[in-house]
Amino acid sequence: MSDLSPTAQSVINAAVEAGGGYGRATPVLHARIAAALRALAYNVYSDEIVTCGGSSYALVIERDDILAIADELEGQ
């Protein structure tokens with residue numbers, strides 16, 4: 001497995017720790033977390049916030065960030 005970004009690595013570390021620290025960061029774990037992140041990203045509340053006559057795209061950026069982590073984990 002190649003090196004992960006600090007964000008993706010923290011997600012993997014949290015999953016391993018949630019299992020009592022006895023788990024391992026396997027390709028199956030990466031795939032399961034990627035699937036969960038995709039489900040989250042596609043179901044996150046995505047109503048745009050209108051400010052100063054323009055739209056805020058902060059939620060779109062967050063969704064894209066979540067999907068990028070999922071892509072990274074699937075690439076492992």
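FYI, it's all coordinate maths here, none of it is from the lab. Please read all numbers here as calculations on a predicted model, not as lab measurements. Cβ atoms come from the backbone with ideal geometry, glycine included; neighbour counts cover every protein chain shown.
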Distance between modelled label sites at residue 36 and residue 14, nm, 7 Å Cα→Cβ extension: 0.9
Environment charge at residue 72 (Cβ cut-off 14 Å; Lys +1, Arg +1, Asp -1, Glu -1): -4
